[in-house]
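Heads up: the structure comes next, in C-alpha cells.
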Amino acid sequence: MKTTFFRFNALFVVKMLGLLGRIALTRSIGAEGVGLYQAAYSFYGLILIVITGGLPTALALATVRDEEQGWILFKIVSAVTLIVGCIGSFLLYQYSDWITEIIGYPDLRLAIRWLSPALFIVPLLSLLRGYLQGMQRFQAIAYSEMLEQLVRVVLLMTVPPLLLSGGLSQAVGGSVLGTATGALTAFLLLIALFPRSARNEPGSSSSRSGWRGALPALLQASLAITFTRLLVPVSDFADMLLIPNRLIKAGYSAHEAIGMYGVMTGMAVVLVYVPTIFTAALSHTWTMGIAADWQTGRTSELRKKMFASLKLGWLWGLASGAFLYIYAPELSFYIFGSIESAQPIRYLAVLPLLAGLREISTSVLWAQNRKSLPIAGLIAGIALNLVTVYLLAAIPGFGYLGISIGIIAMESVSVAWNLRALQVFHHARKRILPLISDMSVFILAIFSVFGLHRMIAAASDFVLFASLCSVVLFCAFSVLYIKSRSPNEFNFK
C-alpha cells in the first residue's frame, strides 16, 4: 500500500496538472474549441495505440519474470517501434489535409500536423516506462509522468491564447504542441534516471539465447492486450464521428453539436474520471504482485489481494460518485466557468465506481494471463454504447442524457463481464448485504449533505462558505467510513 499511495500521489499531481490545463483551455477557446481538441486527440489516440499496442504492458509482465530477458526484448521492440513511429509521423504530417477531410473536421488540419511528431517519441516513452514498470521502478516512472504533464500543461495554458487571434483552428492546433514536447522531456529524464544495473548488465547465456522463444510470447501477449486497449480509442473515435452528427439530427446546429460534444467529452467525462486515479494506482502497483502469485501458484493469496482491491475500489467509487453528484454545480462553475456541464456530471457520477472496478478486474485478468476475456466484455459494451448513442442522441432534448446512458452502459457491461470471469458473483448472498449497506449509507449521505447545505446557506450570506463546510464534513465522513470498512490487508496507520 505504500507503493500504491506513492503511485496515487504521482497520478494525483498528473491529473491535477491536466485538469488545470483543461480549465485554462476551456476558458480560452470555449466549448466548441474543446470539442475540436477532443476530436483531434480521439484520432491521435487511435493511431498511437495501433503503433504501441499492448507492448508496454506485455514487456512489463515479461520483465517482472526475467529482468535480463526483458532488457533484450526492450531493445528489440524499441528498434522496430522507432521505425514504425517515424513512418507514421511522416504520413500523418504529409496527408493531414486528406485525413481531416475524410473524418469531417477540416478545422483540425493544423492540429493533426502538430501532433505528428508525437508518434515518433511517445511510443518509445511508453516502452521504456513498461520496462521500468516490470523492474518496479515506480518512482522514476512517476517523476517522468509529472514532468511530461507539467511541460504539456504549460504549453497548453500559454500557446492557445496567443494563437486565438488567428482563428479557432489555429488555437486548437497550438493546444497540442505540448504532447510531443512533454514526451521528449520525460524520455530524456528517464534516460538520465535509467538504472545502471540494467544498462550495464551483459545478461546470462540463458537470457541471451532464450529471447527467441520469449519474443513470440511477448508479441502474442501484446496482441491480446492491443485488442483490449484498441477498443476504447476506437470507441472514442466512433463517438467523435457519431455524436455531433446525431445531435445535428436532433435539431442542433453544427457549432452547437460540437460544443455539446466538447462539454460532454472534454469537461464532464474528464472530471468524473479524475477519482479513478486511486484505482489506477492500485491496479498499477498490485498487478505485478498478483502476476507473481499466479506464476507461483499461490491462488489463495491472489484471491485475497483481488477481493481486497475490489472492496477498496468499491468503497472509493461510492464515495467519489456521491461527491460528484452533490457538488456537480459547484465543480462545473468553479472549474470550467459555467454550469453547463453540471447535469452531465450528475448523469455520469456512477462512472468512478464502474471504471474503477473495471480497471482493477482487467488488471487481475491480465496478471492471470487471461488477456482475451476483457476483450469480449469491452466489445459488447462498446457495441451497446454506439447503439444507445445512435438511438437516443438524435431525440430532441435528449442529447446529454442519451450520451451518458451510452457511456454508463459500456462500463457496466464491461465490468460485469470481468467480475463474472473472476467468479466474484459466487457466494453473492454472503456479500450482498454489506454492499447494499454501503450503497444505503452514501445515498443517505447525499440527502444529508443536501439538507445541511441548504441550512448553512440559509443561515449565511456566503454560499461558498456553505459549500466548503459541507465538503469538509462529507470528506471526513467518507474517510472514516472507508477506513472502518476497509479490508484488514490494508494498513491505514
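Checked against (1) under 19 Å from the mean Cα position of the chain (by Cα); (2) modelled with pLDDT of 90 or more; (3) of a type in the set (Phe, Trp, Tyr), Trp366 meets all criteria but (2). Can you tell me which residue among Gln139, Gln133 is more than 23 Å from Val50 (Cβ to Cβ) and in contact (Cβ under 8 Å) with a residue 40 or more places away in the chain? Step by step, each of Gln139, Gln133 is checked, and only Gln139 is more than 23 Å from Val50 (Cβ to Cβ) and in contact (Cβ under 8 Å) with a residue 40 or more places away in the chain. Answer with yes or no whether Ala367 is under 19 Å from Thr226 (Cβ atoms), in contact with a Phe, Trp or Tyr (Cβ under 8 Å, 6 or more places away or on another chain) and surrounded by fewer than 24 Cβ atoms within 10 Å (Cβ to Cβ). Taking the combined requirement at face value, the residue does not satisfy it. Residues considered: Glu340, Glu301. Of these, the only one that is more than 26 Å from Ile23 (Cα to Cα) and acidic (Asp, Glu) is Glu301. Remark: Tyr400 matches the filter, which requires a residue to be in contact (Cβ under 8 Å) with a residue 40 or more places away in the chain, hydroxyl-bearing (Ser, Thr, Tyr) and either surrounded by fewer than 21 Cβ atoms within 10 Å (Cβ to Cβ) or assigned to a helix (DSSP H, G or I) (or both).
Taking the condition closer than 30 Å to Trp314 by Cα and either in contact with a helix residue (DSSP H, G or I) (Cβ under 9 Å, 6 or more places away or on another chain) or at pLDDT below 85 (or both), does Ser204 pass? It is false that Ser204 is closer than 30 Å to Trp314 by Cα and either in contact with a helix residue (DSSP H, G or I) (Cβ under 9 Å, 6 or more places away or on another chain) or at pLDDT below 85 (or both). Within region 110-153, being within 23 Å of Arg22 (Cα to Cα) and not in a helix (DSSP H, G or I) holds for Ser116, Pro117. Restricted to helices (runs of 4 or more DSSP H) entirely inside region 1-101, those with at least 3 residues that are farther than 27 Å from Ala281 by Cα and under 19 Å from the mean Cα position of the chain (by Cα) are 2-52.
Which ones in region 369-381 are more than 18 Å from Thr276 (Cβ to Cβ) and either within 19 Å of the chain's Cα centre (by Cα) or not small (Gly, Ala, Ser) (or both)? Across region 369-381, the qualifying residues are Asn369, Arg370, Lys371, Leu373, Ile375, Ile379. Applying the set (1) at pLDDT below 85; (2) among the hydroxyl-bearing types (Ser, Thr, Tyr); (3) within 30 Å of Leu373 (Cα to Cα) to Ser437 leaves exactly one unmet item: (3). Taken over region 376-388, residues that are surrounded by 24 or more Cβ atoms within 10 Å (Cβ to Cβ) and aliphatic (A, V, I, L, M) amount to 1. The single residue among Leu124, Leu55 that is among the aliphatic types (A, V, I, L, M), surrounded by fewer than 21 Cβ atoms within 10 Å (Cβ to Cβ) and in contact with a Ser or Thr (Cβ under 7 Å, 6 or more places away or on another chain) turns out to be Leu124.
Could you list all residues from region 455-490 that are in a loop (DSSP other than H, G, I, E, B) and at pLDDT below 65? Across region 455-490, the qualifying residues are Ser460, Asp461, Phe462, Pro487, Asn488, Glu489, Phe490.
The values are calculated or read from the model by the stated rules, or taken from the named source; none is laboratory data. This one's a predicted model, so the numbers in the text were calculated from it and none came from an experiment. With ideal geometry, Cβ positions are generated from the backbone for all residues, glycine too; neighbour counts draw on all protein chains shown.
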